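Every number here is computed from the coordinates shown, using simple stated rules; none is lab data. None of these values were measured; they are calculated from a predicted model. Glycine gets a Cβ as well: all are built from the backbone with ideal geometry, and neighbour counts include every protein chain shown.
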Amino acid sequence: MLGEKLDIYDEQGRHIGVKPRSEVHRAGDWHQTFHCWLYRRAGEQIHLLFQKRHPEKDTCPNLLDITSAGHLLAGERPEDGVRELAEELGLHIAYEALAPVGVIRDVMTGPQIVDKEMCHVFLCECDQPLSDYKLQEEEVVGLLWVELDEIVDLFAGKTTSIQASGFLLQEDGAARDCALEVGLSDFVAHEPHYYHQVFTALQLRGGRA
């Protein structure tokens, strides 16, 4: 994975070359990613599906994150990103079924990493039972639903914890249903404007304005 080649861009979004993924993150080059958020409707509520990252991931281990996401390799277009849904979740969805949110810039830093992403963000309504998902176990160890209105309040500081429900994989690979109380520290620290834009796009689809 670290040997993957990525297109890199300047601050104005102009293509300036290709580098190995490991060098891109070390140098803090802008690069492209694919993000897809799955959601479902339950009466008047919208629920948003988060993946739980593997505890041995080199970045943001054991945290709740975008339903499915990945880097676009050199020469790829956003429509190529649908492979992430198949690889991580066993979910085969046509690119045309996705609703584009837009390109959101997001910067995260960590030990020896500056991750500067130009995120091609999409929404997809999907009420498939969680038991039908096939997780890429080295990447994803669970799926959890969160009510949109509740997570909006959490990120706005109106509450300190909310409920998340779904399943987590056990050491033997078996899925166990669970209901967790989670706070801000349980979510990957994408920039506030990133979450705001995603949540607003979902609210326009039927959540609270």
About its Cα centre, how strong a charge dipole does the chain have in debye, to the nearest 20, once Lys and Arg get +1 and Asp and Glu get -1 at the Cβ? 400 debye
Shape call for the stretch 45-97, from the Cα gyration tensor axes a ≥ b ≥ c (a/c under 1.5 means rounded, otherwise prolate when a/b beats b/c, else oblate), comes out oblate
Tally Lys and Arg at +1 and Asp and Glu at -1 over the other residues with C-beta under 13 Å from the C-beta of residue 192: what net charge comes out? -1
So, with +1 on the Cβ of K and R and -1 on the Cβ of D and E, and no other charges, what is the size of the charge dipole of the stretch 116-185 about its Cα centre, to the nearest 20 debye? 220 debye
Rounded, prolate or oblate: which one fits the stretch 89-137, using the alpha carbon gyration tensor with axes a ≥ b ≥ c (rounded when a/c is under 1.5, else prolate when a/b beats b/c, else oblate)? oblate
What shape does the stretch 80-198 take by its C-alpha gyration tensor, where a ≥ b ≥ c are the square roots of the eigenvalues and a/c under 1.5 counts as rounded, a/b above b/c as prolate, and the rest as oblate? rounded
Between Rg and the Kirkwood Rh of the chain, both from Cα atoms, what is the Rg to Rh ratio? 0.95
Rank-order 114-121, 6-13, 167-174 by packing density, defined as the average count of other C-beta atoms within 10 Å over each peptide's residues, highest first. 114-121, 6-13, 167-174
May I ask for the Kirkwood hydrodynamic radius of the stretch 149-209, worked out over all distinct Cα pairs and given in angstroms to one decimal? 13.2 Å
Relative to the chain, whose Cα atoms define the longest principal axis, helix 192-203 and its Cα axis are tilted in degrees, nearest 10, by 50 degrees
Cβ-based net charge around residue 56, under 13 Å, with every Lys or Arg adding one and every Asp or Glu removing one: -2
Under 17 Å between alpha carbons - lysine pairs in the chain that sit 8 or more apart or on different chains: 4
Set Lys and Arg Cβ to +1 and Asp and Glu Cβ to -1, take the dipole of the stretch 8-92 about its Cα centre, and tell me which of 25, 81, 55 lies farthest positive. 55
What net charge do the residues around residue 118 carry, taking every other residue with its C-beta under 15 Å from that of residue 118, with Lys and Arg at +1 and Asp and Glu at -1? -4
